[in-house]
Amino acid sequence: MFSLLDLFSKRTKGSLSFVPRSLSDDIDSGAARGLQRALELTLGTVDLVVTDNRRRMVSAKKTRNRHQIRIHHMFVGCEDSVFEALVGFVNDCPDGRKGINTFIAANNDSIRNQPYKMELNPVGNVYDLDVFRKNMLDLLGDESLEDIRVSWGRKGSGKRSIRFGSFDFSQRLIRIHPALDEDWVPDFFVEYVVYHELLHGLFPPDESQERRSLHPPEFRRKEKEYPMYEEAIRWENENIERILRQ
Ligand SMILES: [Zn+2]
């Protein structure tokens with residue numbers, strides 16, 4: 001896949017929209033934005049509409065100085081070769097059309113059988129993760145993180161160690177372990193985990209480096225800026241056993 005991360009920080013000229021609008025909750029909007037940027041680099045201004053229309057997977061229109069491109073959401077996050085076919089299609093070249101048709105044929109079954117819905121479940125029994133997410137976004141003050149969403153993960157069983165949180169780079173989704181949705185777990189700890197995962201969005205692993213560190217020194221420095229960092233670490237050390245017993 002082309003390097004979307006390079007493109008994340010730049011703004012697009014054209015618009016990005018979803019049809020139906022509710023689709024925007026289920027589609028990785030960061031990846032959609034990245035695709036739009038990549039298209040703009042080759043085509044100029046692009047208004048990109050991401051649809052759920054299976055009968056018409058791709059269409060492109062050109063007005064004076066901008067392209068309007070409508071694509072089915074399965075193109076979001078597609079591979080290089082498909083991206084090139086898409087550009088070819090927009091430029092009306094036969095190879096592009098052929099590439100698109102091959103891709104659609106190969107993916108038709110998975111589209112039909114796979115629900116695209118990503119399960120978002122930020123409201124737990126005790127904690128609403130969106131509240132922490134918003135507070136931490138205010139604290140970090142970085143616009144590029146605003147599309148990151150947060151959800152309680154699903155309950156697994158029989159684990160001897162747990163990850164409190166994870167960050168899915170492609171879906172721009174933070175999952176928090178449901179064992180933390182308990183009233184004896186202090187809010188500052190859950191909030192700290194959300195903060196930590198947001199920092200992964202701020203410091204994506206450097207693809208150019210051979211040994212990638214998920215937690216480089218600048219990550220660790222920033223992590224300590226969480227106002228209750230010391231308390232959170234202390235609480236974790238004192239309570240890890242109890243959490244694992246859950
Ligand atoms: Zn981490």
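Below 8 Å between Cα atoms, with a sequence gap of 6+, how large is the relative contact order for the stretch 4-113 in percent? Intermediate values should be presented prior to the final figure.
On the way: 150 pairs, mean separation 22.8, N = 110.
It comes to 21 percent, rounded to a whole number.
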Completion exercise
At 20 °C in a medium of viscosity 1.002 mPa s, the stretch 4-113 has a Stokes-Einstein diffusion coefficient, with Rh taken as the Kirkwood radius over alpha carbon pairs, in µm² per second, of 153
Exercise for the section: For the chain, report the translational diffusion coefficient in µm²/s to the nearest whole number, using Stokes-Einstein at 20 °C, 1.002 mPa s, and a Kirkwood Rh over Cα pairs. Expected result: 107
Completion exercise
Toy charge model, Lys and Arg Cβ at +1, Asp and Glu Cβ at -1: the stretch 4-113 dipole around Cα centroid in debye, rounded to 20, equals 580
Problem - Span per principal axis, largest first, for the Cα atoms of the stretch 187-246 (Å) - result: 40, 26, 15
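For Val123 and Met228, FRET efficiency with R0 = 22 Å and r from the beta-carbon atoms, rounded to 0.05?
Numbers: r = 23 Å, r/R0 = 1.03.
For Met228 and Val123, the calculated efficiency is 0.45.
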Completion exercise
Ranking Ser17, Leu35, His73 by how far each Cα lies towards the positive end of the charge dipole of the stretch 4-113 (+1 on Lys and Arg Cβ, -1 on Asp and Glu Cβ), the top one is Ser17
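Figure the gain on full extension for Asn239 and Asn135 (residue separation times 0.36 nm, minus the Cα-Cα span) and round it to one decimal in nm.
Values: separation 104, 0.36 × 104 = 37.44 nm, distance 2.45 nm.
My answer for the length gained is 35.0 nm.
Which entries of Lys62/Lys98; Lys13/Lys222; Lys13/Lys62; Lys13/Lys61 have Cα-Cα distances beyond 24 Å here? All intermediate terms of the calculation are to be shown ahead of the outcome.
Details: Lys62/Lys98 20 Å; Lys13/Lys222 32 Å; Lys13/Lys62 15 Å; Lys13/Lys61 17 Å.
Long pairs (Cα-Cα over 24 Å): Lys13/Lys222.
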Problem - Distant-in-sequence amide H partners of Val19 (H built 1.01 Å from N, under 5 Å) - result: Val50, Thr51, Asp52
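Coordinate-derived values only; no laboratory data. Keep in mind that what you see is a predicted model, and the values were worked out from it rather than measured. Backbone-built Cβ (ideal geometry, glycine too); neighbour counts: all protein chains shown.
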